[in-house]
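Worksheet for the structure shown next.
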Amino acid sequence: MEDRRKFIRFSVRLGARYSKENQDKWNQCSIINISREGMGVVVYLKEKLRLGSVLNLMIDVPGKKTPVFVSGTLTWIKDLKGDPEFSYKSGIQIITIDSEDKWILLDYSYEAWKGSKEEEKIYDTVK
């Protein structure tokens, strides 16, 4: 399978909530990676949603007092087997995000990714 990504994906683990467009009910989800182009977000979900659904996300970023608000389109979804908490993994293509929040989210994700890479280097030298 060909990987057509232009930008690296940063692995993160951020708590979040989502709601379907025009609904007030918020459900728990977890952000697991983010990329720069289009802010593709992979999310663990508790329910199966229809492709093309528009979701609103509130993402909790450590060190930020208020959540980052994002709206996006569900571009893919797949079943997860054996995960006791989440049933589905999906991809979200961002439609709207405040530009300052976008950089806060990307900066946090990059720093978390960079920190994990530095830990790998230390581990490799200790082996």
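A short reminder: the numbers here are calculations on the coordinates, not readings from a lab. Worth saying up front: this structure is predicted, and the values here are computed from it rather than measured. Cβ coordinates were reconstructed from backbone atoms using ideal geometry, including for glycine residues, and neighbour counts include every protein chain displayed.
For the pair Ser11/Gln28, report the inter-label distance in nm, with labels modelled 7 Å from Cα in the Cβ direction.
Distance between label points: 2.2 nm.
Can you pull the percent of Cα pairs in the range 9-126 with separation above 22 Å? Write out the running numbers ahead of the final one.
Values: 2305 of 6903 pairs.
For the range 9-126, the fraction of Cα-Cα distances above 22 Å is 33 percent.
Of Lys48/Lys114; Lys48/Lys81; Lys64/Lys114; Lys78/Lys114; Lys81/Lys102, which sit over 23 Å apart, Cα to Cα?
As for pairs spanning more than 23 Å Cα to Cα, those are Lys48/Lys114; Lys78/Lys114; Lys81/Lys102.
At what distance in nm do the modelled label points of Phe86 and Val54 sit from each other, each positioned 7 Å from its Cα along Cα→Cβ?
Taking the two extended label points, one gets 2.4 nm.
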